[in-house]
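Data first, discussion second: the structure below is written as C-alpha coordinates.
The values are calculated or read from the model by the stated rules, or taken from the named source; none is laboratory data. As the structure is a computational prediction, the values presented were derived from the model and not from experiment. Here Cβ is always computed from backbone atoms with ideal geometry, including for glycine, and neighbour counts include all displayed protein chains.
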Amino acid sequence: MAGAAPRSTLHRARALIALMLLPSLGGCVAAAALAVPSMTAIGAIQKGKRDKAEPVAVAEPVAAPKPASAQLTPGVPSANLQVAPMPAGPWHDFVGYTLDRASGIGNETASAILAQGAAELLQPDRQPCNGGDSAVIIDLDHGADAFVPETELRPAPGLADGLAQLRQAGVVVMWISRLDANRVDDVAAALIASGLDRSGRDPILLELGDADRKQTLRAQAAASACVLAIAGDQRQDFDELFGYLRDPNAAYNFDSLLGSGWFLVPDALDSPAVEIRSGS
(Lines give C-alpha, C1' and ligand atoms only; values in the text may rest on other atoms or scores of the structure.)
Protein backbone atom coordinates (compact mmCIF):
# COMPACT_ATOMS: atom_id res chain seq x y z
CA MET A 1 0.00 0.00 0.00
CA ALA A 2 1.42 3.35 -1.01
CA GLY A 3 2.60 5.51 1.88
CA ALA A 4 2.38 2.68 4.40
CA ALA A 5 4.67 2.95 7.43
CA PRO A 6 7.60 0.51 7.74
CA ARG A 7 6.74 -2.79 9.45
CA SER A 8 8.83 -1.99 12.55
CA THR A 9 7.08 1.39 12.94
CA LEU A 10 3.67 -0.29 12.68
CA HIS A 11 4.56 -2.79 15.38
CA ARG A 12 5.74 0.01 17.70
CA ALA A 13 2.46 1.80 17.16
CA ARG A 14 0.52 -1.38 17.84
CA ALA A 15 2.51 -1.95 21.01
CA LEU A 16 1.54 1.50 22.31
CA ILE A 17 -2.12 0.80 21.56
CA ALA A 18 -1.94 -2.55 23.33
CA LEU A 19 -0.33 -1.03 26.41
CA MET A 20 -3.37 1.20 26.82
CA LEU A 21 -5.57 -1.92 26.68
CA LEU A 22 -3.59 -4.03 29.17
CA PRO A 23 -5.64 -3.00 32.26
CA SER A 24 -8.39 -5.27 30.90
CA LEU A 25 -6.06 -8.24 31.47
CA GLY A 26 -5.77 -7.53 35.20
CA GLY A 27 -2.56 -7.67 37.22
CA CYS A 28 0.61 -5.71 36.70
CA VAL A 29 2.30 -6.37 33.39
CA ALA A 30 5.94 -5.36 33.04
CA ALA A 31 6.31 -6.17 29.37
CA ALA A 32 5.27 -4.67 26.06
CA ALA A 33 2.27 -6.06 24.19
CA LEU A 34 1.49 -6.05 20.50
CA ALA A 35 -2.13 -5.64 19.42
CA VAL A 36 -2.84 -6.89 15.91
CA PRO A 37 -5.99 -7.42 13.82
CA SER A 38 -8.29 -9.89 15.55
CA MET A 39 -5.86 -10.82 18.34
CA THR A 40 -3.25 -9.83 20.90
CA ALA A 41 0.44 -10.72 21.18
CA ILE A 42 2.23 -10.29 24.46
CA GLY A 43 6.02 -9.98 24.72
CA ALA A 44 8.10 -10.22 27.86
CA ILE A 45 11.17 -11.45 29.69
CA GLN A 46 14.75 -12.37 29.30
CA LYS A 47 15.77 -14.86 26.69
CA GLY A 48 18.23 -17.75 27.09
CA LYS A 49 20.64 -18.47 24.28
CA ARG A 50 19.05 -20.69 21.67
CA ASP A 51 19.79 -21.68 18.10
CA LYS A 52 17.51 -20.29 15.42
CA ALA A 53 15.27 -22.65 13.47
CA GLU A 54 16.33 -23.50 9.94
CA PRO A 55 14.37 -21.64 7.26
CA VAL A 56 11.67 -23.53 5.41
CA ALA A 57 9.61 -23.01 2.28
CA VAL A 58 7.22 -20.10 2.71
CA ALA A 59 3.55 -20.31 1.81
CA GLU A 60 1.21 -17.39 1.30
CA PRO A 61 -0.14 -16.40 4.76
CA VAL A 62 -3.88 -16.09 5.23
CA ALA A 63 -5.03 -12.60 6.14
CA ALA A 64 -6.76 -12.34 9.52
CA PRO A 65 -10.17 -10.59 9.61
CA LYS A 66 -10.19 -7.23 11.36
CA PRO A 67 -12.35 -7.00 14.51
CA ALA A 68 -14.12 -3.89 15.74
CA SER A 69 -11.44 -3.39 18.41
CA ALA A 70 -7.99 -4.75 19.23
CA GLN A 71 -8.61 -5.57 22.89
CA LEU A 72 -8.54 -9.11 24.24
CA THR A 73 -11.94 -10.78 24.38
CA PRO A 74 -11.93 -13.73 26.80
CA GLY A 75 -14.23 -16.71 26.46
CA VAL A 76 -17.76 -16.16 27.70
CA PRO A 77 -19.46 -18.92 29.69
CA SER A 78 -22.62 -20.20 28.07
CA ALA A 79 -25.65 -21.63 29.83
CA ASN A 80 -26.32 -23.88 26.84
CA LEU A 81 -23.03 -25.57 26.01
CA GLN A 82 -23.14 -27.47 22.75
CA VAL A 83 -21.46 -30.85 22.91
CA ALA A 84 -18.76 -31.21 20.24
CA PRO A 85 -16.48 -34.18 19.55
CA MET A 86 -13.56 -34.33 21.96
CA PRO A 87 -9.99 -34.68 20.65
CA ALA A 88 -8.24 -38.01 21.07
CA GLY A 89 -5.37 -39.11 23.30
CA PRO A 90 -3.40 -36.53 25.32
CA TRP A 91 -5.41 -33.63 23.88
CA HIS A 92 -8.57 -35.30 25.20
CA ASP A 93 -7.02 -35.38 28.68
CA PHE A 94 -5.96 -31.73 28.39
CA VAL A 95 -9.43 -30.51 27.41
CA GLY A 96 -11.25 -32.74 29.89
CA TYR A 97 -9.03 -31.70 32.80
CA THR A 98 -9.46 -28.01 32.01
CA LEU A 99 -13.24 -28.26 31.70
CA ASP A 100 -13.40 -29.98 35.10
CA ARG A 101 -11.24 -27.33 36.76
CA ALA A 102 -12.97 -24.40 35.06
CA SER A 103 -16.34 -25.49 36.38
CA GLY A 104 -15.12 -25.35 39.97
CA ILE A 105 -12.58 -22.52 39.89
CA GLY A 106 -12.20 -20.63 43.16
CA ASN A 107 -9.72 -18.98 45.49
CA GLU A 108 -8.06 -22.32 46.26
CA THR A 109 -7.61 -23.39 42.64
CA ALA A 110 -3.99 -24.28 41.87
CA SER A 111 -2.29 -22.81 38.82
CA ALA A 112 -0.22 -24.87 36.39
CA ILE A 113 2.62 -22.42 37.08
CA LEU A 114 5.14 -23.43 39.75
CA ALA A 115 5.24 -21.40 42.95
CA GLN A 116 8.20 -19.13 43.54
CA GLY A 117 11.21 -21.18 44.65
CA ALA A 118 9.58 -24.53 43.84
CA ALA A 119 11.88 -25.22 40.89
CA GLU A 120 15.02 -24.62 42.93
CA LEU A 121 13.76 -26.97 45.65
CA LEU A 122 12.62 -29.54 43.08
CA GLN A 123 9.17 -29.54 44.65
CA PRO A 124 5.91 -29.56 42.62
CA ASP A 125 4.37 -26.68 44.54
CA ARG A 126 2.03 -24.57 42.44
CA GLN A 127 0.96 -20.96 42.55
CA PRO A 128 -2.56 -20.33 43.82
CA CYS A 129 -4.89 -18.60 41.41
CA ASN A 130 -5.60 -15.03 42.48
CA GLY A 131 -8.70 -14.38 40.44
CA GLY A 132 -8.90 -13.42 36.80
CA ASP A 133 -10.22 -15.48 33.90
CA SER A 134 -9.41 -19.17 33.73
CA ALA A 135 -6.93 -19.86 30.92
CA VAL A 136 -4.72 -22.44 29.26
CA ILE A 137 -1.36 -22.04 27.50
CA ILE A 138 -0.55 -24.09 24.39
CA ASP A 139 3.08 -24.17 23.23
CA LEU A 140 3.37 -24.08 19.43
CA ASP A 141 7.10 -24.82 19.16
CA HIS A 142 8.35 -28.29 18.25
CA GLY A 143 11.05 -29.17 20.75
CA ALA A 144 13.78 -26.52 20.64
CA ASP A 145 12.71 -25.41 17.15
CA ALA A 146 10.54 -22.34 16.82
CA PHE A 147 7.08 -22.69 15.32
CA VAL A 148 7.03 -22.17 11.53
CA PRO A 149 3.70 -20.50 10.69
CA GLU A 150 4.30 -20.03 6.96
CA THR A 151 3.69 -23.64 5.92
CA GLU A 152 0.32 -25.23 5.28
CA LEU A 153 -0.49 -26.76 8.63
CA ARG A 154 -3.09 -29.19 9.90
CA PRO A 155 -4.43 -29.20 13.46
CA ALA A 156 -4.29 -32.18 15.78
CA PRO A 157 -7.46 -34.26 15.21
CA GLY A 158 -10.42 -32.96 17.19
CA LEU A 159 -8.44 -30.16 18.81
CA ALA A 160 -10.41 -27.32 17.20
CA ASP A 161 -13.66 -28.68 18.63
CA GLY A 162 -12.05 -29.25 22.02
CA LEU A 163 -10.78 -25.67 22.19
CA ALA A 164 -14.21 -24.42 21.15
CA GLN A 165 -15.62 -26.19 24.21
CA LEU A 166 -13.04 -24.49 26.43
CA ARG A 167 -13.90 -21.05 25.10
CA GLN A 168 -17.61 -21.77 25.49
CA ALA A 169 -16.91 -22.61 29.14
CA GLY A 170 -15.21 -19.23 29.64
CA VAL A 171 -11.59 -20.40 29.31
CA VAL A 172 -9.12 -18.11 27.51
CA VAL A 173 -6.89 -20.05 25.11
CA MET A 174 -3.36 -18.58 24.95
CA TRP A 175 -0.69 -19.56 22.43
CA ILE A 176 3.05 -19.27 23.13
CA SER A 177 6.17 -19.53 20.96
CA ARG A 178 9.81 -18.48 21.05
CA LEU A 179 9.17 -16.63 17.79
CA ASP A 180 9.89 -12.92 17.71
CA ALA A 181 6.85 -10.72 18.23
CA ASN A 182 7.13 -9.30 14.71
CA ARG A 183 5.80 -12.67 13.48
CA VAL A 184 2.49 -12.27 15.28
CA ASP A 185 0.54 -11.66 12.06
CA ASP A 186 1.87 -14.91 10.60
CA VAL A 187 1.00 -16.90 13.73
CA ALA A 188 -2.49 -15.40 13.80
CA ALA A 189 -3.05 -16.29 10.15
CA ALA A 190 -1.92 -19.89 10.71
CA LEU A 191 -4.25 -20.33 13.69
CA ILE A 192 -7.20 -18.86 11.82
CA ALA A 193 -6.57 -20.89 8.66
CA SER A 194 -6.25 -24.13 10.66
CA GLY A 195 -9.51 -23.54 12.51
CA LEU A 196 -7.84 -23.57 15.93
CA ASP A 197 -8.74 -19.90 16.45
CA ARG A 198 -11.47 -19.16 13.93
CA SER A 199 -12.36 -15.78 15.47
CA GLY A 200 -8.74 -14.61 15.68
CA ARG A 201 -9.19 -13.43 19.28
CA ASP A 202 -6.85 -15.72 21.23
CA PRO A 203 -3.88 -14.02 22.96
CA ILE A 204 -0.51 -14.93 21.44
CA LEU A 205 2.59 -14.74 23.65
CA LEU A 206 5.77 -14.10 21.67
CA GLU A 207 9.24 -12.92 22.60
CA LEU A 208 9.73 -9.19 22.28
CA GLY A 209 13.43 -8.60 21.64
CA ASP A 210 16.62 -10.47 22.52
CA ALA A 211 16.02 -10.10 26.27
CA ASP A 212 12.87 -12.25 26.26
CA ARG A 213 12.26 -15.93 27.03
CA LYS A 214 9.15 -18.07 27.41
CA GLN A 215 9.50 -18.51 31.18
CA THR A 216 8.47 -14.95 31.96
CA LEU A 217 5.84 -14.95 29.24
CA ARG A 218 4.18 -17.74 31.21
CA ALA A 219 4.63 -15.81 34.44
CA GLN A 220 3.09 -12.74 32.85
CA ALA A 221 0.08 -14.76 31.74
CA ALA A 222 -0.31 -16.17 35.27
CA ALA A 223 -0.32 -12.63 36.69
CA SER A 224 -3.42 -11.80 34.66
CA ALA A 225 -5.32 -15.11 34.60
CA CYS A 226 -5.67 -18.45 36.34
CA VAL A 227 -3.59 -20.75 34.13
CA LEU A 228 -5.27 -24.10 34.69
CA ALA A 229 -3.19 -26.15 32.26
CA ILE A 230 -0.18 -25.97 29.94
CA ALA A 231 0.22 -28.16 26.85
CA GLY A 232 3.54 -28.76 25.12
CA ASP A 233 5.67 -31.47 23.54
CA GLN A 234 8.53 -31.32 26.07
CA ARG A 235 8.90 -30.58 29.78
CA GLN A 236 10.69 -27.30 29.15
CA ASP A 237 7.34 -26.04 27.87
CA PHE A 238 6.12 -26.15 31.49
CA ASP A 239 9.15 -24.64 33.22
CA GLU A 240 12.65 -23.78 32.04
CA LEU A 241 14.07 -25.75 34.98
CA PHE A 242 14.10 -28.83 32.74
CA GLY A 243 16.58 -27.16 30.41
CA TYR A 244 19.16 -26.76 33.15
CA LEU A 245 19.06 -30.08 35.00
CA ARG A 246 22.33 -32.05 34.94
CA ASP A 247 20.41 -35.12 36.08
CA PRO A 248 16.87 -35.21 34.62
CA ASN A 249 15.99 -37.99 37.07
CA ALA A 250 16.36 -35.48 39.91
CA ALA A 251 13.06 -33.89 38.87
CA TYR A 252 10.96 -37.02 39.45
CA ASN A 253 8.78 -35.11 41.94
CA PHE A 254 7.30 -33.14 39.06
CA ASP A 255 5.91 -36.30 37.46
CA SER A 256 2.84 -35.79 39.66
CA LEU A 257 1.95 -32.72 37.57
CA LEU A 258 1.83 -34.68 34.31
CA GLY A 259 -1.84 -35.08 33.49
CA SER A 260 -2.71 -32.70 36.32
CA GLY A 261 -1.87 -29.26 34.95
CA TRP A 262 1.00 -30.27 32.65
CA PHE A 263 0.21 -32.18 29.46
CA LEU A 264 2.70 -33.70 27.03
CA VAL A 265 0.88 -33.64 23.71
CA PRO A 266 1.47 -33.96 19.95
CA ASP A 267 2.03 -30.71 18.07
CA ALA A 268 -1.12 -28.60 17.90
CA LEU A 269 -0.24 -27.74 14.29
CA ASP A 270 1.82 -29.91 11.98
CA SER A 271 2.73 -30.22 8.32
CA PRO A 272 0.40 -32.44 6.25
CA ALA A 273 3.49 -34.32 5.06
CA VAL A 274 4.52 -35.26 8.60
CA GLU A 275 2.78 -37.72 10.87
CA ILE A 276 1.31 -36.19 14.04
CA ARG A 277 4.10 -36.36 16.59
CA SER A 278 3.62 -37.81 20.04
CA GLY A 279 4.65 -35.89 23.16
CA SER A 280 7.90 -36.99 24.71
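Residues are listed down the side, and each one gets a yes or a no for (1) touching a helix residue (DSSP H, G or I) at 6+ places or on another chain (Cβ under 8 Å); (2) modelled with pLDDT of 95 or more; (3) part of a helix (DSSP H, G or I):
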site: Glu150; (1), (2), (3): yes, no, no
site: Arg167; (1), (2), (3): no, yes, yes
site: Trp175; (1), (2), (3): yes, yes, no
site: Arg201; (1), (2), (3): no, yes, no
site: Leu206; (1), (2), (3): yes, yes, no
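With the requirement that a residue be in a loop (DSSP other than H, G, I, E, B), of a type in the set (S, T, N, Q) and loosely packed, with under 15 Cβ neighbours inside 10 Å, what does the range 93-129 give you? Can you show your working first?
Residues of the range 93-129 that are in a loop (DSSP other than H, G, I, E, B), as a first pass: 104-109, 115-117, 122-125, 129.
Still in the running and of a type in the set (S, T, N, Q): 107, 109, 116, 123.
Within the range 93-129, Asn107, Gln116, Gln123 meet the criteria.
Considering only residues that are among the charged types (D, E, K, R) and crowded, with 22+ Cβ neighbours inside 10 Å, which ones fall in the range 168-182?
Listed by number, the list holds a single entry, Arg178.
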Exercise. Just one of (1) touching a helix residue (DSSP H, G or I) at 6+ places or on another chain (Cβ under 6 Å); (2) modelled with pLDDT of 95 or more; (3) crowded, with 24+ Cβ neighbours inside 10 Å trips up Ala190, so point out which.
Key: (1)
Quiz item: If you scan the range 87-112, which residues turn out to be of a type in the set (A, V, I, L, M) and either under 17 Å from the mean Cα position of the chain (by Cα) or modelled with pLDDT of 80 or more (or both)?
Solution: Val95, Leu99, Ala102, Ala110, Ala112
Quiz item: Yes or no: Ala160 modelled with pLDDT under 95, surrounded by 18 or more Cβ atoms within 10 Å (Cβ to Cβ) and part of a helix (DSSP H, G or I)?
Solution: no
Exercise. Restrict the check to the range 268-278 and report whether at least one residue is at pLDDT below 95, more than 12 Å from the chain's Cα centre (by Cα), within 17 Å of Pro155 (Cα to Cα) and of a type in the set (S, T, N, Q).
Key: yes
Practice problem: For the range 222-235, state whether one or more residues are modelled with pLDDT of 95 or more and polar (S, T, N, Q). | Solution: yes
